[in-house]
There are 2 protein chains.
Amino acid sequence: MIKCVKCSEVDAIAKAGIIRGKQRYYCGRCDYYFTLPAAEVSLAAATSKKHQPTIVDIARELQISKSTVSRALHGHSDINEETRKAVLDVAKKLDYQPNLLAYGLAKSKSLTIGIIVPEFINSFFPYVIIGAQEIANPAGYHVLICQSNESYQTEIDNTNVLMSSRVDGILASLTGKTPNVDHFKKFERAGIPIVYFNRVTTDVCASKVIVDDYDGAYQGVTHLIQNGCKRIAHIAGPQNLQICRDRLQGYKDALLRHGMELNESLIIYHDLNPESALHCAQHLLDAPDRPDGLFALNDPAAIATMQVAKEKGIRIPDELAVVGFSNEPTSALVEPGLTTLAQPMAEIGKTAVNLLFKQMNDTTDCFIPETKVLKTTLIVRKSSLKRQF
Amino acid sequence: MIKCVKCSEVDAIAKAGIIRGKQRYYCGRCDYYFTLPAAEVSLAAATSKKHQPTIVDIARELQISKSTVSRALHGHSDINEETRKAVLDVAKKLDYQPNLLAYGLAKSKSLTIGIIVPEFINSFFPYVIIGAQEIANPAGYHVLICQSNESYQTEIDNTNVLMSSRVDGILASLTGKTPNVDHFKKFERAGIPIVYFNRVTTDVCASKVIVDDYDGAYQGVTHLIQNGCKRIAHIAGPQNLQICRDRLQGYKDALLRHGMELNESLIIYHDLNPESALHCAQHLLDAPDRPDGLFALNDPAAIATMQVAKEKGIRIPDELAVVGFSNEPTSALVEPGLTTLAQPMAEIGKTAVNLLFKQMNDTTDCFIPETKVLKTTLIVRKSSLKRQF
DNA sequence: ACCGGTTGCGAAAGCGTTCCCGGTACTTCT
DNA sequence: AGAAGTACCGGGAACGCTTTCGCAACCGGT
């Protein structure tokens, strides 16, 4: 017979429904509902997930309170030197690893900064990330990398992931399809600082790290002109990105400044997908009135064009001089070497994190965003040096 | 005069030390210690960190309990359809983002898998990571990427970071300097599954994803032999890595099988640092009795050698035929195109995550590790096709 | 001897979730 | 009509950590 778990009464027990698959009983005397305790599923087999040592374990071992352990582990004041040593010893003995989840919850900070990049197949972004880590890691922060794969939707998803992860700051570089930065507004609302780098938009009030794209483009195109190019094409990027607009403008101004005319048919737009680069190249080189010079918005596009030119038997640089942008390692490997505008990639990452930290430590409620503009350097290789000139 | 905060007594008050910089008082009547409440530092300026909506906010808005909200957000049973809709609406209205830290703490799982790679400058690892994300993300997991920068110490640090982050699983590829995997043992102890990929060691009992390195090397070297090479060199990797030992063995066996003799002076060891590749190449090509063929353990080493050869005026493939390993995109860009053994990079990532998930969902206490061996494909380009042959 | 000050530690309240369990109001059998 | 079952919901402990604040013990000067 069923006994009440409280009064051990037997007679006043009535069935009171099934709950979560188990019979429930009601004791009329105690006015108490209960289910029979599940017969102690004896297996410690359910203990597959081993217990990780916590500060409570350390505290128990030393017969002190967890507050003291916490203080000891953080070099807090208000702690006896011997106690601290003892705690540290036990921590090492137990191989204690602080639980960052709990830490983050308690402190409302995750010690993590999120980085959103459009891709990391080409070396540009990896180098930036490495630069960022070089500053972030020593400061005790680690880095959560999200790549948007040049997809706007993925970028949005990534912002949500970073939001849920409660990152303390964001470094972001946009996709070529990102029409606006509304999906980043939530970070502002939450007081999480953002620094945009490289691929930024103009319509946002935030800190930015960019290079002088206009100047770089201007230099690159001028170089082509000085090397005898008469018809200089430009593979431009999506015009939602300031970086692409600036490079385009630099291209245009360089031409005009040197008394050359603008020819819209020589400007072709690349959506930054790898296949698109090949299409642009095809299109450009198939044109009846082929260009004899090309300034591409980035190295991969320049290199893709060189490949296509090669297939078509177009000689580089004599028939087509090429200048890229970024100086990714590959640009030194292709044949002929690609003339390009070197970007200080690691420097970009470092600068961005420094700016982020500055903003994170800012106590004044109205932080004034800052834009750092780094310089590019023209690296001349063979792809732009016409022989007959 | 000072009043007791409890009884408002004035006379029985005595000073009782300074604590944390503030004067403390003692009321003899109440037997009570107190400090004066800090004059309400009126600034809401300290509220710079805005409040993020939580389930409690949703609950308050709807006048229900947070338990109900939690159930609603997770499509739990035991919830009225209308209630759920209401919760979802409010959640959307408030732009609620679940706090992954709190979730992780409560559930003892972080929905994160950690990936440790030795570097991500070359494209191999990025592609693997993309493959991994393609499986992990749809399953609700995100990926924490750590790069060890070919440093053993950094790799150890990375394991600690991932341990602290309480990742639910690990994908790891070792540095060329990692002597053993003791630093990964803590994951085993904690019951956190690991899958090693690509750069693995033999002395560990865990799931692995590798390619058939021996076979790939054998194929590559055989291809060189069939193309008329008589003195085939090998840039080998650190012998702590099984992958490097296998490729070396494949090289040796291919030579022996084809009646060629082994020449230790033609084997040179690369520590996987970028500069080291150039040294190896220099050394190899400066030798009095220069090789006429090269099988390099990876594409970057092969390409570095091609660069050095070019500088020295050594013609490829006629004077030196080259075969790499991996088929990174760059290998198609260099001149001549690099013959190489294609690895299914994204596939490696996907397979590894699948294996990891399998192990994570395994309930039996004794999980049997599994090793998946993927196939390589010889991609023939011009770097290995001697003309006079 | 007493008072004011110092040092070191413990108790407990959060942080935002999940989840177990108990409770209520209602429905459906007999 | 009353017993048995169903559908939902709320309370509250737990996760591992930080942090505030109270308190005891001790120290040194008058």
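Look through segment A:121-130, keep the residues that are outside any loop (DSSP other than H, G, I, E, B) and not aliphatic (A, V, I, L, M), and return whichever of them is nearest to the other protein chains (Cβ to nearest Cβ). Before you say what the answer is, go through the steps one by one.
Residues of segment A:121-130 outside any loop (DSSP other than H, G, I, E, B): A:124-130.
Within this subset, residues satisfying the condition of being not aliphatic (A, V, I, L, M) are A:124-127.
Details: A:F124: 11, A:F125: 9, A:P126: 5, A:Y127: 7 Å.
Restricting to residues being outside any loop (DSSP other than H, G, I, E, B) and not aliphatic (A, V, I, L, M), the top hit is A:P126.
Yes/no matrix, rows are residues, columns are (1) over 19 Å from B:L356 (Cα atoms); (2) among the aromatic types (F, W, Y):
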site: B:I135; (1), (2): no, no
site: B:N149; (1), (2): yes, no
site: B:T154; (1), (2): yes, no
site: B:F184; (1), (2): no, yes
site: B:Y196; (1), (2): no, yes
site: B:T202; (1), (2): no, no
site: B:A217; (1), (2): yes, no
site: B:T222; (1), (2): yes, no
site: B:I225; (1), (2): yes, no
- Query: Which of the residues that make up segment A:346-366 are modelled with pLDDT of 95 or more and among the hydroxyl-bearing types (S, T, Y)?
  - Reply: A:T351
- Can you tell me which residue in segment A:98-120 is nearest to A:A132 (Cα to Cα), limited to those that are within 15 Å of DNA strand C (Cβ to nearest atom) and part of a loop (DSSP other than H, G, I, E, B)? A:L111
- Looking at segment B:89-97, is at least one residue within 24 Å of A:F184 (Cβ to Cβ) and near DNA strand C (Cβ under 8 Å from one of its atoms)? yes
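Within segment A:147-160, track down each residue that is touching a residue at least 40 places away in the same chain (Cβ under 8 Å) and among the β-branched types (V, I, T).
Start the filter on segment A:147-160 by keeping residues that are touching a residue at least 40 places away in the same chain (Cβ under 8 Å), which leaves A:150, A:158-159.
A:T159 - this is the single residue of segment A:147-160 that is touching a residue at least 40 places away in the same chain (Cβ under 8 Å) and among the β-branched types (V, I, T).
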- Note on the structure: Within segment B:339-387, the residues that are among the small types (G, A, S), in a helix (DSSP H, G or I) and either open to solvent by 50 Å² or more (accessible area, probe 1.4 Å) or farther than 19 Å from B:G114 by Cα (or both) are B:S383, B:S384
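To keep it simple, each residue is scored yes or no on (1) touching a Pro at 6+ places or on another chain (Cβ under 9 Å); (2) closer than 21 Å to B:A346 by Cα; (3) within 14 Å of another protein chain (Cβ to nearest Cβ).
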site	(1), (2), (3)
B:V209	no, yes, no
B:Q226	no, no, no
B:I232	yes, no, no
B:Q239	no, no, no
- Item | Flag for A:L94 being open to solvent by less than 70 Å² (accessible area, probe 1.4 Å), near DNA strand D (Cβ under 8 Å from one of its atoms) and not assigned by TED's automatic domain parsing to the domain that holds A:R166 | no
- Query: Would you say B:I58 is at pLDDT 95 or above and within 13 Å of chain A (Cβ to nearest Cβ)?
  - Reply: no
- Kindly list the number of the only condition in (1) of a type outside the set (V, I, T); (2) modelled with pLDDT of 95 or more; (3) open to solvent by 80 Å² or more (accessible area, probe 1.4 Å) that fails for A:L43. (2)
- Report, by residue number, each residue of segment A:138-172 that is touching a Ser or Thr at 6+ places or on another chain (Cβ under 9 Å) and part of a loop (DSSP other than H, G, I, E, B). A:Y141, A:S148, A:N149, A:E150, A:S151, A:S165, A:R166, A:V167, A:D168
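Here is a list: B:D215, B:D246. Which entry is touching a Phe, Trp or Tyr at 6+ places or on another chain (Cβ under 6 Å), assigned to a helix (DSSP H, G or I) and open to solvent by 40 Å² or more (accessible area, probe 1.4 Å)? Before the answer, list the steps.
On the way: B:D215 fails: touching a Phe, Trp or Tyr at 6+ places or on another chain (Cβ under 6 Å).
That would be B:D246, the only listed residue that is touching a Phe, Trp or Tyr at 6+ places or on another chain (Cβ under 6 Å), assigned to a helix (DSSP H, G or I) and open to solvent by 40 Å² or more (accessible area, probe 1.4 Å).
Do we find a residue being hydrophobic (A, V, I, L, M, F, W, C) and more than 30 Å from B:A277 (Cβ to Cβ) anywhere in segment B:139-158? Before you say what the answer is, go through the steps one by one.
First, the residues of segment B:139-158 that are hydrophobic (A, V, I, L, M, F, W, C): B:139, B:143-146, B:156.
Checking the rest, the ones that are also more than 30 Å from B:A277 (Cβ to Cβ) come to B:139.
Checked against the condition, which is being hydrophobic (A, V, I, L, M, F, W, C) and more than 30 Å from B:A277 (Cβ to Cβ), segment B:139-158 yields at least one hit.
Evaluate the following for A:I116: is it within 27 Å of A:I156 (Cα to Cα) and facing chain B (nearest Cβ under 9 Å)? Talk me through it step by step, then tell me what you get.
Details: within 27 Å of A:I156 (Cα to Cα): yes; facing chain B (nearest Cβ under 9 Å): no.
Taking the combined requirement at face value, the residue does not satisfy it.
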- Query: Checking A:Q133 against (1) outside any loop (DSSP other than H, G, I, E, B); (2) within 11 Å of DNA strand C (Cβ to nearest atom), which test does it fail?
  - Reply: (2)
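When you scan segment B:171-180, do you find a residue that is touching a residue at least 12 places away in the same chain (Cβ under 8 Å), within 12 Å of chain A (Cβ to nearest Cβ) and more than 25 Å from B:T363 (Cα to Cα), even just one?
Step one: of segment B:171-180, the residues touching a residue at least 12 places away in the same chain (Cβ under 8 Å) are B:171-180.
Restricting the remaining residues to those that are within 12 Å of chain A (Cβ to nearest Cβ) gives none.
No.
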- Query: Hey, among A:A86, A:A136, which residue is open to solvent by less than 60 Å² (accessible area, probe 1.4 Å) and farther than 30 Å from A:V209 by Cβ?
  - Reply: A:A86
- Could you say which residue among A:E155, A:E150 is away from chain B (no Cβ under 11 Å), of a type outside the set (S, T, Y) and in contact with a Lys or Arg (Cβ under 8 Å, 6 or more places away or on another chain)? A:E150
- Query: Which of (1) within 12 Å of DNA strand D (Cβ to nearest atom); (2) more than 10 Å from chain B (Cβ to nearest Cβ); (3) surrounded by 14 or more Cβ atoms within 10 Å (Cβ to Cβ) does A:P53 not meet, given it meets every other one?
  - Reply: (2)
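With respect to B:K109, is the statement that it is under 21 Å from A:N99 (Cα atoms) and open to solvent by 30 Å² or more (accessible area, probe 1.4 Å) true?
Numbers: under 21 Å from A:N99 (Cα atoms): yes; open to solvent by 30 Å² or more (accessible area, probe 1.4 Å): yes.
The answer is yes for B:K109.
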- segment A:228-241 - residue that is of a type outside the set (D, E, K, R) and either modelled with pLDDT under 95 or in a loop (DSSP other than H, G, I, E, B) (or both) and, of those, most open to solvent (accessible area, probe 1.4 Å): A:Q239
- Task: Please name all residue pairs, on different chains or six or more residues apart, with Cβ atoms under 7 Å, provided the first residue is in segment A:331-352 and is on the phi < 0 side of the Ramachandran plot and the second residue is aromatic (F, W, Y).
- Result: A:T340/A:F325; A:L341/A:F325; A:M345/A:F124; A:M345/A:Y127; A:A346/A:Y127; A:I348/A:F197; A:A352/A:F197
- Could you figure out which of (1) more than 10 Å from the chain's Cα centre (by Cα); (2) within 17 Å of A:F357 (Cα to Cα); (3) within 11 Å of chain B (Cβ to nearest Cβ) isn't true of A:S165? (2)
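The values are calculated or read from the model by the stated rules, or taken from the named source; none is laboratory data. In this text the structure is predicted, and so the values were computed from the model without any measurement. Don't worry about glycine lacking a Cβ; one is built from the backbone with ideal geometry, like all the others, and counts go over all protein chains shown. To get the accessible areas, we keep the full protein, side chains included, count just its heavy atoms, and leave off ligands, DNA and RNA. Shrake-Rupley method; radii C 1.70, N 1.55, O 1.52, S 1.80 Å.
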